[in-house]
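The values are calculated or read from the model by the stated rules, or taken from the named source; none is laboratory data. Remember, it's a predicted structure, so these values are computed and weren't measured experimentally. No Cβ is skipped: glycine too gets one built from the backbone with ideal geometry, and neighbour counts run over all protein chains shown.
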Amino acid sequence: MKKWIIISLTVVSLGFIALNGYLIAKKDSKVQHTVYVEDWTRVTKDDVVETFDTEGVMMPQEEYKIYFHEIDKEFQRFLVKEGDVVTAGTPLFEYITPELDKLRETLEAEKLQAEGEISGIDDYISTLLDYQASIPAPTEAVEEVFALEEGLEGGLKIEVDENASSEMIVSAIEQEIYKQELEKSKLEEEVKKYDSQLNTIDEQSGTAMIVSESDGIVKEVNEKLGNPVITIVSNVLSVEGLLTESQFKKAEMGMKFSADVNGEKKQLEGTLAKINPYPAKEPEVNKENHYQFEGDLTEQSETIAIGAKATVSVVTAEAIGVLTVPEKVIQEGKKPYVYQLNGNGLITKKTVQTGLGFNGIKEVTKGVEVKEVMMVSPENVPKNNAHFVTEMKPTRIKKDAFKEFSTRDKWEAFLIGLIEK
């Protein structure tokens, strides 16, 4: 071949390559680009749960302190020991009340005296009634009335004029009976008061016992009788632990948590019940603070021991049953966007709105639909609506993959393949 022909072909070839390179690289060029898509994913419905993890320990939910006040009491003996399991009503210790016993004796003597006076008044009223019945009619002589007065045993406490008529004597007796009944009523009220005081003393005196007001375990018994003399912890457990400063800012009472307890197969659930805003230790320069928290369990386990260690995962935010994609699908610009792989072989740029993101998963609140296909690594997309190809990997096709397709999807794929053929 002649030399000039070779040179001409070489120049034309280089010019063609240069022109195509220019058209491909030119911004907004109409030349179609074919992009090889290595990784892609589908939009799915999932839960996005934001959490943080901390360590905890299983502890009794409540602690009950039993006190003994020595005023007017004398301690006798403890009826429980440390480690005993108690229920509501279990006797804890005995005591007596010597001072109240003396007071009871005094009150009983005063009550007996009052009852004696009431008995004397009853006898006196009975005598007056008998005497009143013996007074003669008004027509009889008054001398006979006085004779009856003088004949009564012990005499009477009423006084009448020697010229008084029978009517006057009867009236005087009735007044005396009324006076004695008023006195009797006062004494009866005193007896009731003594009875009430004695009942109260009986409740507090003698050999008395203090009983437990709740179920639990005896944590401590103070043999030296220093208050509290007995400490009882409940057998209802909660989880306690410490939060770092960053965790403290996120945590709020009422937040849900899950706890993996050593030796337990089942994960425990609960809510944060208390967060102490003051650090567990006195704050120091150049040392991070920690804050104590307590969490109530929604369900108790009889196999968990007090003091068992647990890993606590606190839920700070969650979006349940939302549309999600891997976070690396979302591209950041003036507005977040994604690249969708369409059924016609084109890559389409779509603006989206995002929500909660955690652990590599991002919620998409607007702009996509479930099962739409998104490009995972769109760094090499040169322009919108570019063509794409993906690698065919038949070895990855398994029976389980077909279960994800609905009956309609299966028939649609079959008909498309039949028509294309």
Task: Condition met for I306 (touching a Pro at 6+ places or on another chain (Cβ under 9 Å), surrounded by 11 or more Cβ atoms within 10 Å (Cβ to Cβ), in a loop (DSSP other than H, G, I, E, B) and in the same structural domain as T390 (by TED's automatic domain parsing)) - done: yes
Task: the stretch 37-88, residues that are under 30 Å from T354 (Cβ atoms) and assigned to a loop (DSSP other than H, G, I, E, B) - done: E38, D39, V43
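Residue-by-condition table, conditions (1) touching a strand residue (DSSP E or B) at 6+ places or on another chain (Cβ under 8 Å); (2) modelled with pLDDT of 75 or more; (3) outside any helix (DSSP H, G or I):
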position	(1), (2), (3)
A114	no, yes, no
E117	no, yes, no
D123	no, yes, no
P138	no, no, yes
V145	no, no, no
D161	no, no, yes
V170	no, yes, no
Open item on the list: Being surrounded by 17 or more Cβ atoms within 10 Å (Cβ to Cβ), in the same structural domain as F248 (by TED's automatic domain parsing) and either among the hydrophobic types (A, V, I, L, M, F, W, C) or at pLDDT below 75 (or both) narrows it down to one residue among V315, V368, V389; which is it?
Closed with: V368
Task: Any strands (runs of 3 or more DSSP E) falling wholly within the stretch 227-289 and containing at least 2 residues that are of a type in the set (G, A, S) and touching a residue at least 40 places away in the same chain (Cβ under 8 Å) - done: 237-243, 256-261
- [ ] Could you run through the stretch 234-260 and say how many residues are touching a Gly at 6+ places or on another chain (Cβ under 8 Å), crowded, with 19+ Cβ neighbours inside 10 Å and more than 14 Å from E55 (Cβ to Cβ)?
- [x] 1
